Structure formats: structure tokens, C-alpha cells
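First comes the structure, then the notes that go with it.
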Amino acid sequence: MYVILLGPPGVGKGTQGVLLAEAFGWERVVTGDLLRQARADETEIGREAQRYMDAGELVPDQVVVELVAEKLKPLPADCGVLFDGYPRNAAQASALAEILEELGRAIDQVVVLTADDQILVERIAGRRSCVSCGAVFNVFVDPSESGELCDRCNSPLHHRPDDQEDTVRHRLDVYREQTQPLIAFYEQSSVEVHSLDGSLGVDQVQDAVRNALGVGSAAR
Ligand code: AMP
């Protein structure tokens with residue numbers, strides 16, 4: 001199954017994606033993580049992406065599309081894939097459709113998570129993510145038990161520089177202008193679109209996502 005997780009920064013796409021990937025063995029394609037990795041590795045792409053990311057702007061499409069294509073091509077055809085943070089605009093959505101068509105695949109479903117800006121800003125300011133496994137915690141509502149380390153793999157937790165409040169507000173504007181219109185785009189296509197309340201607790205949202213996708217519940 002190929003699923004796009006759509007929604008503003010802080011709505012819980014990462015948290016929900018990690019839970020789904022662990023439960024069902026799906027692969028995650030998370031362009032924000034791919035770009036952060038490229039920065040950490042100090043590659044050409046990483047250097048190019050840096051100033052856009054720090055300003056809360058979208059990195060140029062061709063850079064991101066290339067990363068996604070590279071990630072998708074080696075995956076076995078029967079492996080489920082979750083897209084998180086991609087596509088972010090109409091050009092990226094078209095590019096994704098083309099890449100998938102070449103591979104004989106297609107997007108099956110889109111899950112849209114929503115929440116009020118106030119909740120999103122609070123969540124992001126408290127967000128800490130694991131540098132190793134990608135697990136996401138929140139110092140206010142869902143702290144890791146060990147404080148600065150990941151409960152799952154014991155690696156250090158990281159507070160992203162673009163998670164500062166004014167950058168977050170700008171990222172929300174960018175989301176509304178460029179990414180939100182994709183909801184209508186997918187609604188008008190043959191893809192099933194599910195709109196869910198992302199302001200609920202992590203487990204409630206996870207149940208709702210699984211129900212929407214028709215994948216049932218898994219032990220967790
Ligand atoms: P995220 O972790 O998804 O919030 O992404 C963090 C930052 O990485 C964004 O604010 C953008 O600067 C950049 N980024 C991530 N995904 C994309 C994308 N699909 N297109 C353009 N820029 C992206």
C-alpha cells in the first residue's frame with residue numbers, strides 16, 4: 001500500500017508514521033529526514049538545502065524529487081510505503097505520480113491530519129526527535145522516560161533549529177499556501193482521502209488512521 005500522510009508541521013505525521021511502519025513493516029519516505037541526513041553528511045544537496053530549511057522555506061523541487069526517486073527505486077514492489085512531508089506542492093505531486101508510474105505503482109490513499117495552529121505551535125516547541133530511529137517525543141505531553149535519550153534505542157534526542165516559534169509560524173503559512181491545496185487535488189483524483197483529527201492522543205489518532213486505511217489494529 002502506498003500512503004501519503006498530509007498535514008501541517010507538528011500535526012503528528014512523524015509519530016503516526018513510525019508507529020505504522022513498525023507495526024506493518026512499511027518503509028517511510030520522509031523528505032525532512034532525508035534532507036537533515038544530507039546536511040549531517042555535508043553533501044552538496046545538504047549544503048544547498050540548508051538555507052531554505054533554516055528559513056522554513058521549501059527546498060527547490062528538483063532536489064527533493066531526486067532524493068525521493070533514489071529512495072523509492074530500490075524498494076521491493078510489495079513493500080508498503082508511507083510518504084511524510086512529501087509531496088509539498090503541485091509540482092512535487094506530479095513528479096511523484098510520474099516516478100510511481102515508471103515503477104508500475106501508484107498512491108492508494110491519502111491521510112490528512114488536522115489540528116489548530118495553537119496546538120501545532122505548542123507541540124513543535126516541545127518536540128524532540130531521535131537522531132537514530134526517528135522516534136518523536138514531546139517534553140510537555142509525551143516526554144521520553146530517560147529525559148535526553150530515546151526510550152526506544154537510547155540515542156540522543158534533538159531539538160530542531162527550525163522548530164523555533166517564528167519559523168514554525170512561517171512553515172504553517174507555507175503549508176497553507178502550497179501544500180494544503182493538494183488535499184483538493186487528491187480528492188479530485190481516484191485516490192481515497194481521509195481527513196482525521198490530529199489533535200487527539202497518539203493512540204487514538206493511530207486507531208483512526210488504521211481504521212481509515214482498513215489495516216485494522218496491531219498489538220502495540
Ligand atoms: P519537515 O521535517 O517535513 O517539517 O521538513 C523540514 C524542512 O525541510 C521544511 O521546512 C523544508 O525546508 C524542507 N523540506 C522537507 N520536505 C520538503 C519537501 N517535500 N519539499 C521542499 N522542502 C522540504
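Ranked by the mean number of other Cβ atoms within 10 Å per residue, highest first, peptides 115-125, 94-104 order as 115-125, 94-104. For Q180, no residue has an amide H sitting under 5 Å from its own, ignoring neighbours fewer than 5 places away on the same chain, with H placed 1.01 Å from N.
Ligands, DNA and RNA left out, the accessible area of the chain computed with a 1.4 Å probe is 47% carbon and sulfur. With θ taken as phi - 60° and the Karplus curve 6.51 cos²θ - 1.76 cosθ + 1.60 applied, the whole-hertz 3J(HN,Hα) list for region 201-212 is x, 4, 5, 5, 5, 4, 4, 4, 5, 5, 4, 4 Hz, x standing for glycine and proline. Per residue, the convex hull around the alpha carbon atoms of region 1-41 comes to 83 Å³. A simple spin-label model places pseudo-atoms 7 Å from Cα toward Cβ; at E145 and T43 they are separated by 3.6 nm.
Computed from the C-beta positions of D108 and E177, the FRET efficiency with R₀ = 25 Å rounds to 0.40.
Computed 3J(HN,Hα) for region 140-157, one whole-Hz value per residue from the Karplus formula 6.51 cos²θ - 1.76 cosθ + 1.60 where θ = phi - 60°, is 8, 10, 8, x, 6, 5, 8, x, 8, 10, 6, 5, 7, 10, 6, 7, x, 9, glycine and proline marked x. For E192, the residues 5 or more places off, or on other chains, whose built amide H falls under 5 Å of its own are V110.
In this structure, the amide hydrogen of Y2, modeled 1.01 Å from its nitrogen in the peptide plane, lies closer than 5 angstrom to those of V81, D108, Q109, counting only residues at least 5 positions away or on a different chain.
Between the listed residues V64, V215, S94, the Cα displaced farthest toward the positive end of the dipole of the chain, a dipole computed from Cβ unit charges relative to the Cα centre, is found at V215.
The values are calculated or read from the model by the stated rules, or taken from the named source; none is laboratory data. Predicted model, so just to flag it, every value in this text is computed and none were measured. Reconstructed Cβ throughout: ideal geometry from the backbone, glycine too, with neighbour counts over all protein chains shown. Only protein heavy atoms, including side chains, enter the accessible area calculation; ligands, DNA and RNA are left aside. Shrake-Rupley method; radii C 1.70, N 1.55, O 1.52, S 1.80 Å.
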